[in-house]
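Every number in this text was worked out from the coordinates using simple rules, so none of it is lab data. What you are looking at is a predicted structure, and each value in this text was computed from that prediction instead of being measured. FYI the Cβ positions are ideal-geometry reconstructions off the backbone, even for glycines, and counts take in every protein chain you see.
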Amino acid sequence: MKKNMQKISIIIPVFNEEGSLKELHREISSVAEANQYQVEYVFVDDGSTDRSWSVLSGLADSDSRVLCVRFRRNFGKAAALRAGAETATGSLLVTMDADLQDDPTELPGMLEKLGDDYDLISGWKQVRHDPIGKTAVEGL
């Protein structure tokens, strides 16, 4: 079955990302439209203390493809990914960070590999824009 005929669930853990959520939704929507992908967005608010939940609720109100899960406190990225996978209804699962560091335009190239002897595709950031606190190792 062609990738653009299968539903793609994009699982997005969220922790205090109110400023990037609308742009991320717009960028993914643009790629999905251009490639005729059937997508659903599964946002998992991992206990955000900012306005992330309000933004997500607005996206869900305006786009029926947006599903939202809300944790009462921060449980961590692994728990958010699991909840997203359990909520997803698509036959293909894609994980993406909410901070705009994962480029949705990479999606078509990655999805093209599926079926060519690949069951799993993983990308990595060649240029990182993380704050020093995320990349520095304590004690060095």
- Restrict the search to segment 23-77; then list the trypsin sites (Lys or Arg not before Pro) that DSSP places in a loop and that have at most 10 other Cβ atoms within 10 Å of their Cβ. 72, 73
- Query: Considering lysine pairs in segment 3-135 that are 8 or more places apart or on different chains, how many have Cα atoms under 20 Å apart?
  - Reply: 6
- Note on the structure: Plugging the Cβ-Cβ distance of residue 75 and residue 18 into 1/(1 + (r/R0)^6) at R0 = 30 Å yields, to the nearest 0.05, a FRET efficiency of 0.95
- Can you give me the three principal axis dimensions of segment 3-135 from its C-alpha atoms, in Å, biggest first? 42, 36, 25
- Phi angles of segment 7-23, converted by Karplus (6.51 cos²θ - 1.76 cosθ + 1.60, θ = phi - 60°) into ³J(HN,Hα) in whole Hz with x for Gly and Pro, give 6, 9, 9, 9, 9, 10, x, 10, 9, 6, 10, 3, x, 10, 5, 5, 5
- Message: Under 5 Å between amide hydrogens, which residues at least 5 positions from residue 95 or on another chain qualify, with H placed 1.01 Å from N in the peptide plane?
- Response: 11
